[in-house]
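Peer 1: Supplied in structure tokens, the structure appears directly below.
The values are calculated or read from the model by the stated rules, or taken from the named source; none is laboratory data. Not measured: the values here are computed from a predicted model. Neighbour counts run over all protein chains shown; Cβ positions are idealised from the backbone, glycine included.
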Amino acid sequence: PASTAPLPHGGLAVGGVPLTDIAERFDTPAYVLDEGEVRGRCRTYRDAFPEADVLYAAKAFLSRAMVRWVQEEGMGLDVCSAGELELAVTAGFPPERIVLHGNAKSPRDLEAALRLGVGRIVIDSPSEIARIAVAVGPHGRQKVMVRVVPGVSAGGHDKIRTGTDDQKFGLSLTDGGAQHAITRILGQPQLELTGLHCHIGSQISDVKPYLVALRRMVGLMARIRHAHGIALPELDMGGGHGIAYRPGESALDLTALARRLRAELVGGCAAARLAVPRLAVEPGRAIVGPAGVALYRVLAVKHSGEKVFVAVDGGMSDNPRPALYGARYAPRLIGRHSTAGPCTATVVGRHCEAGDILAADVELPGDTRPGDLLAVPVAGAYQLSMASGYNLVGRPAVVAVHEGTARVLVRRETLEDFRNRDIGI
Ligand code: LLP
């Protein structure tokens with residue numbers, strides 16, 4: 001997790017900066033991102049996958065500094081909208097190292113991808129084949145991949161399982177949809193099919209489903225070679241690598257994943273007499289999740305029947321994950337040393353919904369009171385990137401910490417921002 005160091009009097013430092021200083025200087029709620037931790041995680045991937053491309057999945061969290069960090073650490077980038085794409089390219093990311101995903105790419109997405117020259121477009125449905133070919137024009141050629149659904153069920157919650165045919169992404173291996181699309185793509189001179197892609201789900205803690213998926217993808221590659229006489233040079237196995245959110249939970253073992261994927265790939269290709277394609281992985285959560293800490297101020301404490309509610313100055317608009325996926329976190333009191341015994345409390349947000357819960361039934365000091373600061377570790381992924389404008393509470397600031405200094409990456413949303421967008425009086 002973020003390079004935290006306990007301080008005297010119940011304090012906590014991240015990236016060498018006390019969180020209490022950040023709350024004072026930048027106000028709360030704030031998302032603190034440890035640059036060293038992000039870079040360290042990129043290096044862990046580069047070391048574990050020396051023969052693969054590692055693409056950071058921008059949907060987990062995107063800012064221009066983040067783009068620069070992952071670029072400097074030798075990663076590629078996975079984007080899924082013109083917005084993510086343009087932010088990345090204007091921050092200096094080389095477009096040829098970007099892959100565009102999406103089950104419903106808009107005309108704007110495709111226009112931006114072709115104008116900026118993305119490295120690969122991942123085809124997700126049959127209707128895209130002709131659309132992309134037409135957009136490329138008679139003289140151009142665009143590298144594409146095909147997203148295949150390998151029929152493997154994996155992922156931390158039903159809403160983030162994408163490996164089987166009962167969800168919206170990709171083309172089915174089981175019903176022949178993928179094979180059919182591939183034949184059509186190969187007939188389009190404007191499209192160069194470089195390989196296959198699959199992404200079976202997110203927050204996966206076991207290596208096994210990846211191995212099953214990989215075996216099926218290699219099987220499909222062998223059939224493509226047999227039917228069309230071509231060996232596709234690339235295989236992208238997507239992301240989904242699980243992380244630990246609370247003490248005692250365990251993350252997916254990346255070294256084991258890398259080693260066993262490699263062995264399975266080399267063995268499978270040898271058996272099918274296929275040239276070994278270049279492997280790619282697309283982690284998002286595992287790069288940025290553990291590098292983030294959310295910082296809230298307690299606004300109210302209420303005893304209601306058996307329950308204790310600790311209400312903070314953020315909530316489901318900056319972290320919808322508990323409401324969406326039943327995600328669990330381990331908030332902790334920081335900034336003062338409490339001698340009170342623990343009590344079981346539910347940390348709630350400030351939004352107008354009973355479901356606005358950040359952490360149900362967690363242990364906090366019995367004297368937790370308004371004015372206290374709460375830190376929520378492992379808050380870097382899919383929180384701010386899924387933040388909403390609900391109740392016009394405003395999106396929190398993002399503060400980067402590195403070697404003892406702090407700076408704002410993304411400023412807090414203000415009343416002026418709300419007024420500026422609302423132009424229709
Ligand atoms: N590649 C593709 C094509 C994806 O769709 C995703 C995530 C990734 C890579 C990165 O997956 P990761 O390594 O971050 O698990 N909002 C949910 C997670 C949704 C993931 C969507 N796709 C959550 O908060 O748990």
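So that you can scan it fast, the table gives a plain yes or no per residue for (1) in contact with a Ser or Thr (Cβ under 7 Å, 6 or more places away or on another chain); (2) within 19 Å of Leu257 (Cβ to Cβ); (3) within 16 Å of the ligand (Cβ to nearest atom); (4) among the aromatic types (Phe, Trp, Tyr):
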| site | (1), (2), (3), (4) |
| --- | --- |
| Tyr56 | no, yes, yes, yes |
| Lys59 | yes, no, yes, no |
| Leu62 | yes, no, yes, no |
| Trp69 | no, no, no, yes |
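Peer 1: Okay, next question. Among the numbered conditions (1) modelled with pLDDT of 95 or more; (2) out of contact with any strand residue (DSSP E or B) (no Cβ under 7 Å at 6 or more places or on another chain); (3) not assigned by TED's automatic domain parsing to the domain that holds Arg108, tell me where Ala23 comes up short.
Peer 2: The failed condition is (2).
Peer 1: Exactly one of (1) away from the ligand (no atom under 13 Å from the Cβ); (2) within 24 Å of Ala379 (Cβ to Cβ) is unmet by Ser81. Its number?
Peer 2: Evaluating Ser81 over (1) away from the ligand (no atom under 13 Å from the Cβ); (2) within 24 Å of Ala379 (Cβ to Cβ) leaves (1) as the failure.
Peer 1: Going by what's in this entry, would Leu114 be described as free of Cβ contacts under 8 Å to residues at least 60 places away in the same chain, under 18 Å from Pro189 (Cα atoms) and among the aliphatic types (A, V, I, L, M)?
Peer 2: Here the answer is yes, as Leu114 does meet what is asked.
Peer 1: For region 87-100, give me each residue that is in contact with a strand residue (DSSP E or B) (Cβ under 8 Å, 6 or more places away or on another chain) and farther than 9 Å from Arg120 by Cα.
Peer 2: Across region 87-100, the qualifying residues are Ala88, Val89, Phe93.
Peer 1: Consider Pro1 against the criteria (1) modelled with pLDDT under 95; (2) over 16 Å from Ala291 (Cβ atoms): it satisfies all of them except one. Which criterion is unmet?
Peer 2: The number of the failed condition is (2).
Peer 1: In this structure, does Ala227 turn out to be over 22 Å from Gly155 (Cβ atoms) and surrounded by fewer than 15 Cβ atoms within 10 Å (Cβ to Cβ)?
Peer 2: yes
Peer 1: Also, quick follow-up: Residues of region 164-187 being of a type in the set (D, E, K, R) and part of a loop (DSSP other than H, G, I, E, B), which ones?
Peer 2: The answer is Asp165, Asp166, Lys168, Asp175.
Peer 1: Tally up the residues in region 263-286 that are within 16 Å of the ligand (Cβ to nearest atom) and part of a loop (DSSP other than H, G, I, E, B), please.
Peer 2: The qualifying residues number 3.
Peer 1: Right, here's the next one. Evaluate the following for Leu62: is it within 15 Å of Glu282 (Cα to Cα) and touching a Leu at 6+ places or on another chain (Cβ under 9 Å)?
Peer 2: yes
Peer 1: Against the condition assigned by TED's automatic domain parsing to the domain that holds Thr183 and in contact (Cβ under 8 Å) with a residue 12 or more places away in the chain, how does Leu254 come out, does it pass?
Peer 2: yes
Peer 1: Kindly provide the set of residues from region 376-422 that are assigned to a helix (DSSP H, G or I), free of Cβ contacts under 8 Å to residues at least 24 places away in the same chain and not aliphatic (A, V, I, L, M), ordered by number.
Peer 2: The answer is Glu416, Asp417, Arg419, Asn420, Arg421.
Peer 1: Ala251 versus (1) under 20 Å from Leu100 (Cβ atoms); (2) within 16 Å of the ligand (Cβ to nearest atom): which is the lone unmet condition?
Peer 2: The one condition Ala251 does not meet is (1).
Peer 1: Could I ask something else about it? Ala300 passes all but one of (1) within 16 Å of the ligand (Cβ to nearest atom); (2) within 30 Å of Asp367 (Cα to Cα); which number fails?
Peer 2: Against the list (1) within 16 Å of the ligand (Cβ to nearest atom); (2) within 30 Å of Asp367 (Cα to Cα), Ala300 comes up short only on (1).
Peer 1: Does region 124-136 include one or more residues that are of a type in the set (Lys, Arg) and either modelled with pLDDT under 95 or in contact with a strand residue (DSSP E or B) (Cβ under 8 Å, 6 or more places away or on another chain) (or both)?
Peer 2: Within region 124-136, none of the residues are of a type in the set (Lys, Arg) and either modelled with pLDDT under 95 or in contact with a strand residue (DSSP E or B) (Cβ under 8 Å, 6 or more places away or on another chain) (or both).
The rows are residues; the columns are (1) within 28 Å of the chain's Cα centre (by Cα); (2) among the aliphatic types (A, V, I, L, M); (3) crowded, with 20+ Cβ neighbours inside 10 Å.
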residue	(1), (2), (3)
Ala345	no, yes, yes
Arg350	yes, no, no
Leu358	yes, yes, yes
Asp372	no, no, yes
Ser385	yes, no, no
Ser388	yes, no, no
Val393	yes, yes, yes
Asp422	no, no, no
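Peer 1: Among the residues of region 191-216, count how many are hydrophobic (A, V, I, L, M, F, W, C) and within 14 Å of the ligand (Cβ to nearest atom).
Peer 2: 5
Peer 1: Considering only region 287-294, I want to know if a residue exists there that is surrounded by fewer than 16 Cβ atoms within 10 Å (Cβ to Cβ) and away from the ligand (no atom under 16 Å from the Cβ).
Peer 2: Within region 287-294 (the criterion being surrounded by fewer than 16 Cβ atoms within 10 Å (Cβ to Cβ) and away from the ligand (no atom under 16 Å from the Cβ)), the answer is no, since none of the residues qualifies.
Yes or no, residue by residue, for (1) surrounded by fewer than 22 Cβ atoms within 10 Å (Cβ to Cβ); (2) part of a strand (DSSP E or B); (3) small (Gly, Ala, Ser):
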| residue | (1), (2), (3) |
| --- | --- |
| Tyr210 | no, no, no |
| Arg216 | yes, no, no |
| Gly219 | yes, no, yes |
| Gly239 | no, no, yes |
| Ala244 | yes, no, yes |
| Ser250 | yes, no, yes |
| Arg260 | yes, no, no |
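Peer 1: Tally time: how many residues in region 351-375 are assigned to a loop (DSSP other than H, G, I, E, B), within 18 Å of Ser317 (Cβ to Cβ) and touching a strand residue (DSSP E or B) at 6+ places or on another chain (Cβ under 8 Å)?
Peer 2: 1
Peer 1: Of the residues that make up region 328-348, is at least one within 16 Å of the ligand (Cβ to nearest atom), in contact (Cβ under 8 Å) with a residue 12 or more places away in the chain and out of contact with any Phe, Trp or Tyr (no Cβ under 9 Å at 6 or more places or on another chain)?
Peer 2: Scanning region 328-348, I find no residue that is within 16 Å of the ligand (Cβ to nearest atom), in contact (Cβ under 8 Å) with a residue 12 or more places away in the chain and out of contact with any Phe, Trp or Tyr (no Cβ under 9 Å at 6 or more places or on another chain), so the answer is no.
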